[in-house]
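Enquirer: Can you read through this structure? Questions will come right after.
The values are calculated or read from the model by the stated rules, or taken from the named source; none is laboratory data. Remember, predicted model here, so these are calculated numbers, not experimental data. Neighbour counts are summed over all protein chains in view; Cβ atoms, including those assigned to glycine, are modelled from backbone coordinates with ideal geometry. Please note that ligands, DNA and RNA were not included when accessible areas were found on the heavy atoms of the full protein model with its side chains. Shrake-Rupley method; radii C 1.70, N 1.55, O 1.52, S 1.80 Å.
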Amino acid sequence: MLLSIPELLTPEQTRQCRAALEQAAWVDGRDTAGHVAVQVKNNRQLPLDHPVAQHWGQAIVQALSTNPTFMSAALPQRILPPRFNRYEGGEAYGFHIDNAIFQAPNTTTRVRSDISTTVFFSDPDEYEGGELIIRDTYGEHSIKLPSGHAVVYPGTSLHRVTPVTRGVRYGSFFWTQSLVRDDGRRALLLEQDVAIQRLIQAGADPEVVAQLTGVYHNLLRMWSEL
Ligand code: NI
């Protein structure tokens, strides 16, 4: 499932985060790339312990936790601290699939990357190129959203960032382990959740709503892993 989340952050938060990113000291993105990714990764990133990454990473996680679309679509169990990157002067990230398992920083907890999220911190007209290309069974999707907006896509997807040939592309990305590992099952649960909400808004028979809500929870009970 590919889902955009408009205005994950408020315009004021987005402006403040962007200003902080412009002032920060960036390091070579290849520093943390695995032996395969290092061959296709060419960008810059903030160290995980950089104060800007920590402060705005927490702000993003906080915004997610109160965002009904993200909560309903992702059914998050664990969210890794958001990372920040920057592309300019032809920098790009070639096609790859992200690692399946990550160690949460400063813990013994491992997190499975069921879901990837990218938050944009540059507006589309500020840079040329820099599209996030996601390939799935329906073909390739090209994504370039306004600053402060986010896109959620399955961790299983092959994806890349095209070369940024003008301007600077700032972004944040992070992985989420979901209560429901399988993307197809998550998509069905989201469809049902959305349909139930629409029935409630349309004033449907409460008994029918309760019955469908029960089915939702029984499917979640069957498919979730804690
Ligand atoms: Ni990736």
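Enquirer: Could you pull out every one of the strands (runs of 3 or more DSSP E) wholly within the stretch 115-226 that has 3 or more residues that are buried (at least 16 other Cβ atoms within 10 Å of the Cβ)?
Expert: The qualifying strands (runs of 3 or more DSSP E) are 115-120, 132-136, 150-154, 158-161, 168-178.
Enquirer: Go through the stretch 102-113 and count every residue that is polar (S, T, N, Q) and in a strand (DSSP E or B).
Expert: Adding up the residues that qualify gives 1.
Enquirer: Look through the stretch 91-112, keep the residues that are of a type in the set (D, E, K, R) and touching a residue at least 12 places away in the same chain (Cβ under 8 Å), and return whichever of them is farthest from Tyr170 (Cα to Cα).
Expert: Arg112
Enquirer: Mind counting the residues in the stretch 93-110 that are within 15 Å of the ligand (Cβ to nearest atom), within 12 Å of Arg78 (Cβ to Cβ) and aliphatic (A, V, I, L, M)?
Expert: Residues flagged as within 15 Å of the ligand (Cβ to nearest atom), within 12 Å of Arg78 (Cβ to Cβ) and aliphatic (A, V, I, L, M) within the stretch 93-110 amount to 1.
Enquirer: Given the conditions (1) more than 16 Å from the ligand (Cβ to nearest atom); (2) closer than 18 Å to His159 by Cα, which single one is not true for Leu9?
Expert: (2)
Enquirer: Oh, and also: From the list Arg78, Arg83, Arg44, exactly one residue is buried (at least 18 other Cβ atoms within 10 Å of the Cβ), closer than 29 Å to Glu225 by Cβ and either within 16 Å of the ligand (Cβ to nearest atom) or not hydrophobic (A, V, I, L, M, F, W, C) (or both). Which is it?
Expert: It is Arg83.
Enquirer: Is it true that Pro124 is assigned by TED's automatic domain parsing to the domain that holds Asn42, closer than 27 Å to Glu22 by Cβ, without any contact (Cβ under 8 Å) to a residue 40 or more places away in the chain and over 15 Å from the mean Cα position of the chain (by Cα)?
Expert: When the stated conditions are applied, Pro124 passes them.
Enquirer: Looking at Ala63 and the list (1) of a type in the set (Gly, Ala, Ser); (2) farther than 18 Å from Pro11 by Cα; (3) open to solvent by less than 20 Å² (accessible area, probe 1.4 Å), which single condition is not satisfied?
Expert: (2)
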